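The values are calculated or read from the model by the stated rules, or taken from the named source; none is laboratory data. Computed from a predicted model, the values in this text were never measured in an experiment. For neighbour counting, all protein chains shown are included, and Cβ atoms are generated from backbone atoms with ideal geometry for every residue, glycine included. The protein model used for the area step is the full one, side chains on, heavy atoms only, and it has no ligands, DNA or RNA in it. Shrake-Rupley method; radii C 1.70, N 1.55, O 1.52, S 1.80 Å.
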Amino acid sequence: MYRVFAMCLEAGIAAVILIPLFWLLNRCCFRNSRRALCYLVMALYLAAVDAVVGLPSLLYIRFDRNINLVPFAYMFSDYRNSLLNVLLFVPLGFFLPVLWKRFRSFLWTALFGLGFSLSIELLQLFTFRATDINDLMTNTAGTILGWCLGRLVLKLFPSIRPSWKTKELAVVFGAAFGVMFLAQPFLAEIIWKLVQQ
């Protein structure tokens, strides 16, 4: 329960920065309020992912070589963690085809999920978290499951029009992870001190 509270608090702190940032991005880049709102929701999801997986930030970078390269080692004995990793990446797989046409392709979405997960695992070398091949597999499986849900929604609601502008995906990721790396940790440190008093 504490982990859920911590994730919500960290993402909420990021929202304080991301909401005005996406308002500005809509004014100068997106020029579509509905799309900007969807992008903001995805950025908040990415901030929550960052909070859960413990990526490095400007306040915390430490090299810690804790690596598991043996597939399926402890995966089934720690099935709860594996299931949570799958669930954590379902929204990514859902957002991609619903928001961008390129990701209607199963291959593009699976490769993106794999690449994003690999990036997280490599960045976790600079935190207290373990870099684990099992996480790579479960995260990719979650992305694929999310893609299936996204494609189902697109079939049920043909009025949804994904964008061809995949550069906006880079803007969403850059904004979310830039805020979580550069600005959010300073604000979070102040809020956590207040919460713990």
- Message: On the basis of being among the basic types (Lys, Arg) and in contact (Cβ under 8 Å) with a residue 40 or more places away in the chain, does residue 31 make the cut?
- Response: no
- Tell me, yes or no, whether region 157-167 has at least one residue that is assigned to a helix (DSSP H, G or I), within 25 Å of residue 14 (Cα to Cα) and without any contact (Cβ under 8 Å) to a residue 24 or more places away in the chain. yes
- Message: Pairs needed: first member in region 60-85, under 26 Å from residue 146 (Cβ atoms) and touching a residue at least 24 places away in the same chain (Cβ under 8 Å); second member anywhere, of a type in the set (A, V, I, L, M, F, W, C) and open to solvent by 90 Å² or more (accessible area, probe 1.4 Å); C-beta distance under 9 Å; at least 6 residues apart or different chains.
- Response: 82/76
- What single numbered condition from (1) on the phi < 0 side of the Ramachandran plot; (2) touching a residue at least 24 places away in the same chain (Cβ under 8 Å) fails to hold for residue 54? (1)
- Task: For region 119-174, name all the residues that are under 18 Å from residue 52 (Cα atoms) and open to solvent by 70 Å² or more (accessible area, probe 1.4 Å).
- Result: 122, 123, 126, 128
- Taking only region 11-56 into account, find how many residues are open to solvent by 40 Å² or more (accessible area, probe 1.4 Å), under 24 Å from residue 160 (Cβ atoms) and not basic (Lys, Arg). 9
- Of the conditions (1) at pLDDT below 95; (2) hydrophobic (A, V, I, L, M, F, W, C); (3) closer than 16 Å to residue 88 by Cβ, residue 149 fails just one. Which one is it? (1)
- Task: Check whether at least one residue in region 103-126 is of a type in the set (Ser, Thr, Tyr), modelled with pLDDT under 90 and closer than 25 Å to residue 65 by Cβ, and report yes or no.
- Result: no
- Identity of the residue in region 52-97, among the β-branched types (Val, Ile, Thr) and under 25 Å from residue 9 (Cβ atoms), that ends up modelled with the highest pLDDT: 90
- Among the residues of region 132-151, is there at least one that is touching a Lys or Arg at 6+ places or on another chain (Cβ under 9 Å) and closer than 21 Å to residue 40 by Cβ? yes
- In region 120-148, residue nearest to residue 61 (Cα to Cα) [restricted to those that are in a helix (DSSP H, G or I) and of a type in the set (Val, Ile, Thr)]: 120
- Spot the failing condition for residue 180; the list is (1) out of contact with any strand residue (DSSP E or B) (no Cβ under 8 Å at 6 or more places or on another chain); (2) surrounded by 15 or more Cβ atoms within 10 Å (Cβ to Cβ), and only one is missed. (1)
- Query: Would you call residue 74 aromatic (Phe, Trp, Tyr) and surrounded by fewer than 20 Cβ atoms within 10 Å (Cβ to Cβ)?
  - Reply: yes
